[in-house]
1. Treat each spin label as a single point 7 Å out from the Cα along the C-beta direction, and report the ALA226 to ASP307 distance in nm.
2. Please give the contour-minus-distance gain from ASP281 to GLU195: 0.36 nm per residue of separation, less the Cα-Cα distance, rounded to one decimal in nm.
3. Nearest 0.05, what FRET efficiency do VAL247 and ARG184 give at R0 = 22 Å with Cβ-Cβ as r?
4. Taking 0.36 nm per residue of separation and subtracting the Cα-Cα distance, what length does fully extending ALA258 through SER49 add?
5. Principal axis extents for the range 176-323, Cα atoms only, whole Å, descending order, please.
6. Please give the direction-averaged projected area of the C-alpha convex hull for the range 109-189, in square nanometres with one decimal.
7. Using every alpha carbon pair in the range 241-319, what percent of pairs falls into each 5 Å bin from 0 up to the bin containing the largest distance?
Amino acid sequence: MSEHEGHRHGHGRQQGHQHGRTPGHQHGHGHQHGHGHGQGHDPQDADFSVLTEMLDLDAEVLHEHLDELTGWIDELSGGTAEKPGGRGLRVLDLGSGTGAGTFALLQRFPGADVTAVDASPAMAARLEEKAAALGVAGRVRTVVADLDTEALPAGPFDLVWASASLHHMADPGSVLAQVREVLRPGGLMVAVELEGLPRFLPDDLGIGRPGLESRVHAAQAEGRAAAGMHMTEDWGARLREAGLDVVAERVVAIDLAAPLPAAAGRYVLASLTRVRSALGDVLDAGDLATLDALTDADGPHGVPRRDDLTVRTERSVWVAVRG
Ligand SMILES: C[S@@+](CC[C@H](N)C(=O)[O-])C[C@H]1O[C@@H](n2cnc3c(N)ncnc32)[C@H](O)[C@@H]1O
């Protein structure tokens, strides 16, 4: 569920329209991804590996919360999530990334299968590798589709999950309208979005000018607004506009303080590395030098040596039903 700098790669934004969308490319298991569309992530690219590491670590750091969340969804579905007759839950994961939600849902619902959609062929490939390593490849189907221009896979689905992905879409309202169409009546839509950016650093780091993180967040917010991201949407209202009934809403707060678990330390390091690379042209030389010192894992000020870091983040979750 992590957030990354969302600059679009390789293609411009197009406003989504219901008409003229084409279905995404579906994959069985372990197929090659050679599409010229999508987000153009190159698996050899250092940025891509930091990003995927961040998404993986995010899933690890948030494991308990994700588990609690899927348990809550199970309860909300009134225990009907696993259907009689041996047929399992049909799940659609939108903007699935490396599969944080996909794998949490497969674990929660042992009879379920997941269709994982992402614009990035490299993300889809990574998710397939992980599915194979976890022994669940037979329960996962990846679809490479840019939901700005391509249609959702045909339903019906019992559960649609979109975590930290709706705000990336050019026209989330149009995607949600399609979600309503592919959900079966009574099916659930779960939207998870970030409440602000995660906080890792104390105001005074003992190096550089105090207030680095506030300046980083301001620059990130500006970059996101310029990239057309939907960071301040009222997602409950968007779900209702799409004809879905919002039945529950909650905020999940994560507040880890020192000493951070090992995965959380790696998460902070990966996040700051990503920030350093994304904001190289925006921050002043002093702030960049501080970020260099923090992200120098072997240096005296590097993240692994610090005992003043936190992981503070909030996610809002909406659960809606197709009536
Ligand atoms: C912040 S990541 C979240 C990944 C995952 N859901 C999680 O919770 O870890 C957002 C994902 O949405 C995907 N994405 C962004 N825009 C998209 C679009 N227009 N169509 C499909 N996927 C998109 C990105 O490639 C990325 O994998």
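1. Going from the ALA226 label point to the ASP307 one covers 4.0 nm.
2. Taking ASP281 through GLU195 to full extension adds about 28.4 nm, to one decimal.
3. E between VAL247 and ARG184, to the nearest 0.05, is 0.90.
4. Here the segment from ALA258 to SER49 would lengthen by 72.6 nm.
5. 57, 33, 21
6. 5.6 nm²
7. All Cα pairs considered, the percentages come to 3, 14, 18, 17, 14, 11, 8, 7, 5, 3, 1.
Every read-out reported here was derived from the displayed coordinates using simple, explicitly stated rules and does not represent laboratory data. It should be emphasised that the depicted structure is a prediction, and the values quoted were computed from it without experimental measurement. We place every Cβ from the backbone using ideal geometry, glycine too, and count neighbours over all the protein chains shown.
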